[in-house]
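Q: Below is a structure I'd like to ask you about.
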Amino acid sequence: MHNRVIQCFEHFLINLWCLKDFFELIFGAVFYFFESFVRLFVQPPLKDVEGEIVLVTGAACGIGKHIAREFGQHGATLVLWDVNCEALDQTARELRRILDVRVYAYVCDCSRRTEVYKVAEQVRREVGDVSILVNNAGVVTGKYTFTEAPDNLVDRTLRVNVAAHFWTYKAFLPPMISRNHGHLVCIACHGGLFAMNGLSDYCASKFAAVGFAESIALELLVLKKEGIKTTIVCPYLINTTMFGGCKTKWPSFLPIIDQKGAAKRIVDAILREKMYVLLPSSLYLLVAIKSFLPAKLGIIFVNFFGGLDLMDRFRGVPVPVSTYKKQHRGNSTGDSPVFYN
């Protein structure tokens, strides 16, 4: 009799708990749908990042350079990482000349775990704790089918596009957690949402990067670290050398995006603490279509929008000259860079 009473009480508590979860689901659905509707007309205010330390990987050129410049215009201290020493030094000098902020530059191969940890410690000593981390560095092979792609290039794609995110998060996330303050930014690609012909290793790496960023966001939520924000950016083709030669089949619907415009929209989304940013906005429609279409019909849609022949005119980009044994000491002046072995 005693056990039966206990079992009935446990059953009642379980039902009560399920009822609570159900009402939380309904309330959350109504509230967040309403919030999303309101955000279509009223944008959240920009957060103040003046004095914040922003680290951008792959910052020597392209979209990374423009993202750094946008943050600098908002008063943030800039830390630039790249493997290309000459381009990095030129970018650092340019940003110091046009911006009234501190700019530090470090040569670092983000795909090498020990090098990331070593340079990250140097940044902590010379600059301070990074509060906004922008994982932007990326590479693409693109000129081969998967079976023809050299193993070293496939390995390079996975190490730069995925593994680097693990090491930079490991290096910079702990201080953010201790202060419950920070922002993690993953610059992925539409290839992290849709498979594309001729980009198997690249798409795999970007899918992994998106999944990793989403998982970390959930982990921080469970840890009740609401002060650490996450932004995942999935742009279509940007007019950099990375996808040189690629053409879009429907430029009015899926345009090749201007670097400066993309950087401005990305930084604006980060400052408004948006979790997902798809550029252009038409990608939201394609994601919704992908979720409901039968697989074979989805392939027809992919072909219609040019996903099967996107890489036909791809010219490729040279592999950057890596300066693994040299690291550019960060300095916020315009003096000549100093190297150490």
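Q: I'm told Y202 meets every condition in (1) modelled with pLDDT of 95 or more; (2) in contact with a Gly (Cβ under 6 Å, 6 or more places away or on another chain) except one. Can you identify the failing condition by its number?
A: Status for Y202: all satisfied but (1).
Q: Same structure again: Hey, any hits in segment 139-150 for a residue that's at pLDDT below 95 and among the aromatic types (F, W, Y)?
A: Within segment 139-150 (the criterion being at pLDDT below 95 and among the aromatic types (F, W, Y)), the answer is yes, since at least one residue qualifies.
Q: Yes or no: segment 52-70 includes at least one residue that is over 19 Å from V119 (Cβ atoms), touching a strand residue (DSSP E or B) at 6+ places or on another chain (Cβ under 9 Å) and acidic (D, E).
A: Yes: segment 52-70 contains one or more residues that are over 19 Å from V119 (Cβ atoms), touching a strand residue (DSSP E or B) at 6+ places or on another chain (Cβ under 9 Å) and acidic (D, E).
Q: Listed residues A204, A262; which is under 15 Å from V134 (Cα atoms) and either out of contact with any His (no Cβ under 6 Å at 6 or more places or on another chain) or not charged (D, E, K, R) (or both)?
A: A262
Q: Moving on. Which pairs turn up if I take residues in segment 278-289 that are free of Cβ contacts under 8 Å to residues at least 12 places away in the same chain and look for partners that are surrounded by 16 or more Cβ atoms within 10 Å (Cβ to Cβ) with beta carbon separation below 8 Å, at least 6 apart in sequence or on another chain?
A: Taking only residues 6 or more apart or on different chains, the pairs are Y284/L278.
Q: Could you please find all residues in segment 136-186 being touching a Leu at 6+ places or on another chain (Cβ under 8 Å) and within 26 Å of L279 (Cα to Cα)?
A: V140, T141, G142, T168, Y169, G182, H183, L184, V185
Q: Output the helices (runs of 4 or more DSSP H) that fall wholly within segment 116-233 and possess 1 or more residues being of a type in the set (V, I, T) and free of Cβ contacts under 8 Å to residues at least 24 places away in the same chain, or say none.
A: Ranges flagged: 200-222.
Q: Let me ask something else. So if I check each of I216, I187, which one is closer than 22 Å to L286 by Cβ, under 18 Å from the mean Cα position of the chain (by Cα) and either among the small types (G, A, S) or at pLDDT 95 or above (or both)?
A: Within the list I216, I187, the selection yields I187.
Q: Could you tell me which of the residues L297, L310 is in a helix (DSSP H, G or I), modelled with pLDDT under 80 and more than 17 Å from H66 (Cβ to Cβ)?
A: L297
Q: For segment 91-115, give me each residue that is loosely packed, with under 15 Cβ neighbours inside 10 Å and assigned to a strand (DSSP E or B).
A: Passing the criteria: none in range.
The values are calculated or read from the model by the stated rules, or taken from the named source; none is laboratory data. Note that the coordinates shown come from a computational prediction; the quantities given were computed from them, not determined experimentally. Positions of Cβ are backbone-derived with ideal geometry, glycine not excepted, and every protein chain shown enters the neighbour counts.
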